[in-house]
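Q: Pasting in a structure now, in structure tokens, and then I'll have a few things to ask.
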């Protein structure tokens, strides 16, 4: 098998290849670099810092294990499966929809790419205008998320922001109400989502972070009738999103 066919589609490996990738302006999920990679990696790391690209430093043996048989020269980049949209463009897109008020999803430090992909797919079916994720400590648009989304990444724009709490302030300035999914919140099915809204879903283990929770206009809880007191993040998102759909349908009829 030719050497270049061994490299997965979402991986760019080697110092020259990664340098060209950075110059191209293509969206990068994160950079992997071996500890003590050498002086040739210094300008690449500097560019990553300037661009705000997450760098994951690791022992060379671990990088070798992630990229078996690939001459990565101590450095490799994971490329995004789709281009990200800016926050301003996403808000403009949401506000320009003649048929529906803005309908966005914010994911607070989600870690599982399967959950992200499932939320993108469900969100497309529910008619959301886009998804917002933080740049750090969060899963991004990698190959797994895109595969689970089953093509929905082509229709649901995703925005990466430096600070989710500050982004909520921007959404509020644009007349968008922010609702956080939290077990101690108000009753979900009694909440009116007919206006412009953004739904916040927390991480798999910790839920919504304290600061983001404080920024929400309202916290709402999904009714739990069994012995388990929490849902998988993508399932919780599905319940929340279709509660918005249901509320808006009732408002149109009423």
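Q: Among 103-110, 62-69, how do they line up by average Cβ neighbours within 10 Å per residue, starting with the highest?
A: Top of the packing list down: 103-110, 62-69.
Q: May I ask you to order 246-252, 217-223 by the average number of other C-beta atoms within 10 Å around their residues, highest value first?
A: Listed from highest to lowest mean packing, they are 217-223, 246-252.
Q: Rounded to the nearest 0.05, what FRET efficiency do residue 194 and residue 147 have when you use their Cβ-Cβ distance and R0 = 30 Å?
A: 0.30
Q: So what's the gap between the Cα centers of the stretch 137-159 and the stretch 175-254, to the nearest angstrom?
A: Each part's Cα centre sits 21 Å from the other's.
Q: Suppose R0 equals 30 Å. What FRET efficiency, 1/(1 + (r/R0)^6) with r the Cβ-Cβ distance, do residue 214 and residue 42 give to the nearest 0.05?
A: For R0 = 30 Å, the calculated efficiency reads 0.15.
Q: I would also like to ask the following. What ranking do 168-177, 19-28 get when scored by the average of other Cβ atoms within 10 Å per residue, highest first?
A: With the highest mean Cβ count within 10 Å placed first, the list reads 168-177, 19-28.
Where a number appears in this text, it was derived from the coordinates with a stated rule and is not lab data. This is a predicted model, so every value here is computed, not measured. Cβ atoms come from the backbone with ideal geometry, glycine included; neighbour counts cover every protein chain shown.
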